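Asks: Pasting in a structure now, in structure tokens, and then I'll have a few things to ask.
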Amino acid sequence: MLRFIAHRLLQAVPVLFIIIAVSFFMLRLAPGGPFTAEKAIPPEILRNLEAHYGLDKPLHVQFFTYLGKVVLHGDLGPSFKYSNRTVNEIIADKLPVSLELGGLALLVALVLGLTFGILAALRRNTFLDYLYSTVGMLGICVPTFVFGPLLVLLFAIQLGWVNASGWYTWQDRVLPALTLGFVFSAYIMRLTRAGMLEVLHQDYIRTARAKGASEVRIVLRHALRGGLLPVVAFLGPGTADLLTGSFVIETIFQVPGLGREFVNSAFNRDYTLVLGTVILFAVLIVACNLVVDLVQVWLNPKLKFE
Amino acid sequence: MNLAPAVPPPSLSASDPAQLESGHSLWGDAWHRLRQNRLAVAGGAALFVLTVLCTSGPWFLQASYQDQNLDLGATAPGAAHWLGTDTLGRDLLVRLLYGGRISLGVGLSATFVALTIGVSYGAIAGYVGGKTDILMMRLVDILYALPFTIFVILLMVFFGRNIILLFVAIGAVEWLTMARIVRGQILSLKKMEFIEAARSLGLSNRRIIFRHMIPNILGPIIVYTTLTIPSVMLLEAFLSFLGLGVQPPMSSWGTLIKDGAEKMEEFWWLLVFPGSVFSLTLLSLNFLGDGLRDALDVRGSKD
């Protein structure tokens, strides 16, 4: 297993390198820069600024200097827009908010998705099954940027139960987490249903029944383990969607998280902040995929670590 | 893409061997199964109506999508403007129809880009095999791991927001799954006798791939194309919502939803109508795609 992890980590190196390189050169080749403003800056000051941030050196030198700092010291450099703040500080500031939102959303998604997926599979082809499946399809087809504002319209503006935006009290967290979680619960529900249906017909379930195990035990203990496989496989790439999905959620609900910061920094051409966020997202995605692979083998002993 | 009941389904009866053996039996069979699936039929019909409305509707309407009437301002749905007007006094129905042209257009063209790249790439990798295959599929694996939405956002921010770039960028993202599916299918076809026969006849590789193999895997290709369109449209709307897609005064469904979400506290219809039409379209495409998958008996393909 250690070899498997080491192998996968080695595989991640070229992926991360490509991500950093592509983002870096794309940012630099694009027209405009962080100091392009409505007010023209005097050329001497501009030159000093560029020298301060190392922008006057040749592009490849800049790239390898940056790469060296990131790899050796985990230093993502100073922000171009927020003077006197480093990218590391900004990320440390914003990341917990995004993680909290993502965690809550994942919780919503798993609770709703697994519960209704299992119920739909157990009551296959009944009215309940069709109902859950239709709602699930709606969850996949109604985009978060329609669903979120509709929830705001209903629960915040009409009923006044929760707040429409902000990130201070628990009331602020309800709608963003629900919106983001609902889409994922729909995917998880469909996958759980399909996975459970496949498993419920297998011999070992019949054996468990023959042994006289209770229905609850059969479902939760025996079937779910196999039925969860497709769900777990989805959670890897799903995390990437959860992260990018939070861009929209954070914009709609004015959540001061990393997603909104990323979009803003792209508009501001804050090179280092954009790069830092991209690298962080990439590392998170690689890490999630690794964890997912490990969990998959743990759930299904037939799979072996290659 | 619309399955209007223009072609009458061939009547199929198991007792008539001549008909079962005719070349169309597979497609006839699939068509028959598809028609049994009410959700898929409803989806197809809804799509057909929407497409016709969006393509031909604007010709019959007086107003253009940019006609403003500032004195009028935002009005609720009524007799004069069926779906109401926005804050600049523009008719929402007209804007919705024009927006549909853009959204459907981007959806179709970006899917076409994805389809072309994905099918050729997957077919070549699967057919050539060996080291080339390993190399090509390893590249796909690496690309899968990249956070593409992030790249598309960066691309749109830095290289201008033009619509051609938009669908090239989206198309370039969405071809990966298609390539995997096609490769898997080609791999299993490669060992069949009729391909061996074609090869022994001295046909060129190109001809074998495009004339003999691809027609045999049209089923999965059609199904995944139908399912790619909604995800492409979703990505376009997502970008438009962030202000990176279609630029005013043009409107796509994504930009209409964005405007609606900003003004929903006072003018609910600006959000509700575009949101419903967009969701309905995605729903129809997904139902149709699922129906096609069952009808053509395409199994979930993992590699």
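The values are calculated or read from the model by the stated rules, or taken from the named source; none is laboratory data. All of these numbers come straight from a predicted model, not from anything done at the bench. FYI the Cβ positions are ideal-geometry reconstructions off the backbone, even for glycines, and counts take in every protein chain you see.
Asks: Taking the stretch B:260-277 as the search range and keeping residues that are more than 7 Å from chain A (Cβ to nearest Cβ) and buried (at least 23 other Cβ atoms within 10 Å of the Cβ), which one is nearest to B:THR228 (Cα to Cα)?
Replies: Filtering the stretch B:260-277 for residues more than 7 Å from chain A (Cβ to nearest Cβ) gives B:260, B:262-263, B:266-267, B:269-270, B:272-274, B:276-277.
From what is left, the residues that are buried (at least 23 other Cβ atoms within 10 Å of the Cβ) are B:260, B:270, B:274.
On the way: B:GLY260: 26, B:LEU270: 27, B:PRO274: 21 Å.
Out of the qualifying residues, it is B:PRO274.
Asks: Now for a different question. Return yes when A:GLY148 is more than 13 Å from every other protein chain (Cβ to nearest Cβ), closer than 18 Å to A:PHE247 by Cβ and part of a helix (DSSP H, G or I) and no when it is not.
Replies: Numbers: more than 13 Å from every other protein chain (Cβ to nearest Cβ): no; closer than 18 Å to A:PHE247 by Cβ: yes; part of a helix (DSSP H, G or I): yes.
In short, no.
Asks: Could you tell me whether the stretch B:166-186 includes any residue that is acidic (Asp, Glu) and at pLDDT 80 or above? Step through it out loud before you land on a result.
Replies: Initial filter on the stretch B:166-186 (acidic (Asp, Glu)): B:174.
Then drop every residue that is not at pLDDT 80 or above, which leaves B:174.
Within the stretch B:166-186, one or more residues are acidic (Asp, Glu) and at pLDDT 80 or above.
Asks: If you go through the stretch A:53-63 one residue at a time, how many are exposed (fewer than 12 other Cβ atoms within 10 Å of the Cβ) and either more than 15 Å from A:LEU27 (Cα to Cα) or charged (D, E, K, R) (or both)?
Replies: 1
Asks: Of the conditions (1) among the basic types (Lys, Arg); (2) exposed (fewer than 15 other Cβ atoms within 10 Å of the Cβ); (3) touching a Gly at 6+ places or on another chain (Cβ under 7 Å), A:LYS94 fails just one. Which one is it?
Replies: Just one mismatch for A:LYS94, condition (2).
Asks: Going by the conditions given, is B:ASP290 more than 8 Å from chain A (Cβ to nearest Cβ), in a helix (DSSP H, G or I), modelled with pLDDT under 80 and surrounded by fewer than 22 Cβ atoms within 10 Å (Cβ to Cβ)? Don't jump to the end; show me each part of the working.
Replies: Working: more than 8 Å from chain A (Cβ to nearest Cβ): yes; in a helix (DSSP H, G or I): yes; modelled with pLDDT under 80: no; surrounded by fewer than 22 Cβ atoms within 10 Å (Cβ to Cβ): yes.
Here the answer is no, as B:ASP290 does not meet what is asked.
Asks: Do we find that B:LEU244 is out of contact with any Pro (no Cβ under 6 Å at 6 or more places or on another chain), surrounded by fewer than 21 Cβ atoms within 10 Å (Cβ to Cβ) and not acidic (Asp, Glu) in this structure?
Replies: On the way: out of contact with any Pro (no Cβ under 6 Å at 6 or more places or on another chain): yes; surrounded by fewer than 21 Cβ atoms within 10 Å (Cβ to Cβ): no; not acidic (Asp, Glu): yes.
In short, no.
Asks: Which residue out of A:LEU101, A:LEU55 is within 30 Å of A:GLY136 (Cβ to Cβ) and not aromatic (Phe, Trp, Tyr)? Let's see the steps before the verdict.
Replies: Values: A:LEU55 fails: within 30 Å of A:GLY136 (Cβ to Cβ).
On inspection, the qualifying residue turns out to be A:LEU101.
Asks: Return the only residue of B:ASP86, B:ASP29, B:ASP91 being at pLDDT below 80 and under 23 Å from B:LEU285 (Cα atoms). Before the answer, list the steps.
Replies: Working: B:ASP86 fails: under 23 Å from B:LEU285 (Cα atoms); B:ASP91 fails: under 23 Å from B:LEU285 (Cα atoms).
One residue alone meets the criteria, B:ASP29.
Asks: For the stretch A:236-246, check the following and say yes or no: at least one residue is closer than 17 Å to A:GLY195 by Cβ and away from chain B (no Cβ under 12 Å).
Replies: yes
Asks: I've got another one for you. Of everything in the stretch B:152-206 that's surrounded by fewer than 16 Cβ atoms within 10 Å (Cβ to Cβ) and under 19 Å from B:SER231 (Cα atoms), which residue is farthest from the other protein chains (Cβ to nearest Cβ)?
Replies: Restricting to residues being surrounded by fewer than 16 Cβ atoms within 10 Å (Cβ to Cβ) and under 19 Å from B:SER231 (Cα atoms), the top hit is B:ILE164.
Asks: Here's a follow-up. Can A:THR86 be described as buried (at least 17 other Cβ atoms within 10 Å of the Cβ), of a type in the set (Ser, Thr, Tyr) and not assigned by TED's automatic domain parsing to the domain that holds A:ARG28?
Replies: On the way: buried (at least 17 other Cβ atoms within 10 Å of the Cβ): yes; of a type in the set (Ser, Thr, Tyr): yes; not assigned by TED's automatic domain parsing to the domain that holds A:ARG28: yes.
Judged against the criteria, A:THR86 is a match.
Asks: State yes or no: is A:GLY257 more than 13 Å from every other protein chain (Cβ to nearest Cβ) and crowded, with 22+ Cβ neighbours inside 10 Å?
Replies: Values: more than 13 Å from every other protein chain (Cβ to nearest Cβ): yes; crowded, with 22+ Cβ neighbours inside 10 Å: yes.
Yes.
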